[in-house]
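Just so you know, all these numbers are worked out from the coordinates, no wet-lab data involved. From a predicted model like this one, the values you see are computed outputs, not experimental measurements. Here the Cβ positions follow ideal geometry from the backbone for every residue, glycine too, while neighbour counts run over all protein chains shown.
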C-alpha cells in the first residue's frame, strides 16, 4: 500500500477545507476546468482538451488522486509546515455531484475518496515529501520513518485496534450525554449501544445500503458509523439510550450529510436527497 501527503488548502495562503473533509470522512480535490466532470466516466487522461488546460502540478496531483491512489493507502494531511491528520483510504474515486465540500467562493471540490480519519492524530511540525507545491505527493520510506518517529515522541502510535471514527466510544453503561468533545460532535458514546444497534439493524447503511464487507471483503466486514436519531445535545445531562429505537447504522458519506445542519437532517431527508 502507498502513503501520500495531501494538502487541503485553497492556494498557498487560502482557506483550509481540511475541517470539512475530516467531518465528512473524505479526501477531496478540485481544479478547474475539471469541476463538474465525473472522471469515473472517462478513461485516464480524458477529456484531453480539459486535462491539457491544467498546469503541470495540478494535473499531476489530480492524476495521482483519481487514478494512482487506492483503497488501503494512507493519507497524511499537510497544513503549512505541519502534518495535522492521518487516515486510511476506504473507497474508490467518487464524484460528489452535490458539492458538499466547497470553498467560500462556492467552488466545489467534487473529486473525492472516502477516508477513515484517525480522530486523535497529533499535529506534528514536519515537512514530508520533496515537492511542497504538489497537492498530492507519494511518500517514500524515509518520509514514513521520520513521521513515525515524530508522532512516537508525542506518545501516539497507530494501534492495530483502530476502527472507523464514529459516534460511539467506550463507556461503562448505556448512559450518554456528558459534554466531552470528540471527532464528530461533542457527546460521550458507548460501544455496548453500538453493538446492540448493529445486532438489530445490521451493518449496511440504513440510507443508501452500502456495506463495507460486501465491497472490500473481510478486512472491512462490520465497519459502519452509528447515528443517533435523538439529538444528544438536548437534555444537557446523561440520559438512557435505547439502541434499537434511537440508533441507526449509516455509512460515512451519509453520516456526513446528516450532520450538514443543526439539528441534523433525518434519515428520510437524506434518502430523499438520493431520490430513494
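Taking the Cα-to-Cβ direction at residue 35 and at residue 120 and moving 7 Å from each Cα, how far apart do the two end points lie in nm?
A separation of 4.0 nm, rounded to one decimal place.
Let's test the formula: R0 of 41 Å, r as the Cβ-Cβ distance of residue 152 and residue 221. What FRET efficiency results, to the nearest 0.05?
Numbers: r = 30 Å, r/R0 = 0.73.
Computed FRET efficiency for residue 152 and residue 221 comes out at 0.85.
Can you put 216, 8 in order, fewest other beta carbons within 10 Å first?
Working: 216 16, 8 24.
By the 10 Å Cβ count, ascending: 216, 8.
Could you give the length gained on full extension between residue 261 and residue 79, defined as 0.36 nm per residue of separation minus the Cα-Cα distance, in nm? Intermediate results must be reported in sequence, preceding the final value.
Working: separation 182, 0.36 × 182 = 65.52 nm, distance 2.60 nm.
Stretched fully, the residue 261-residue 79 segment lengthens by 62.9 nm.
Per residue and in Å³, how big is the convex hull formed by the alpha-carbon atoms of the stretch 3-153? Kindly include the intermediate steps, with their values, before the conclusion.
On the way: hull volume 15.8 nm³, N = 151.
Output value, Cα hull per residue: 104 Å³.
So, R0 is 25 Å and r is the distance between the beta-carbons of residue 44 and residue 2; what FRET efficiency does that work out to, to 0.05?
Numbers: r = 17 Å, r/R0 = 0.68.
With R0 = 25 Å, the Cβ-Cβ based efficiency is 0.90.
What length, rounded to one decimal in nm, is gained on full extension from residue 133 through to residue 9, with 0.36 nm per residue of separation minus their alpha-carbon distance? Show your work: numbers first, answer last.
On the way: separation 124, 0.36 × 124 = 44.64 nm, distance 1.13 nm.
Value of the extension gain: 43.5 nm.
Would you kindly state how much longer the chain becomes between residue 142 and residue 105 on full extension, computed as 0.36 nm times their sequence separation minus their alpha carbon distance, in nm to one decimal?
Details: separation 37, 0.36 × 37 = 13.32 nm, distance 3.79 nm.
Length gained, residue 142 through residue 105: 9.5 nm.
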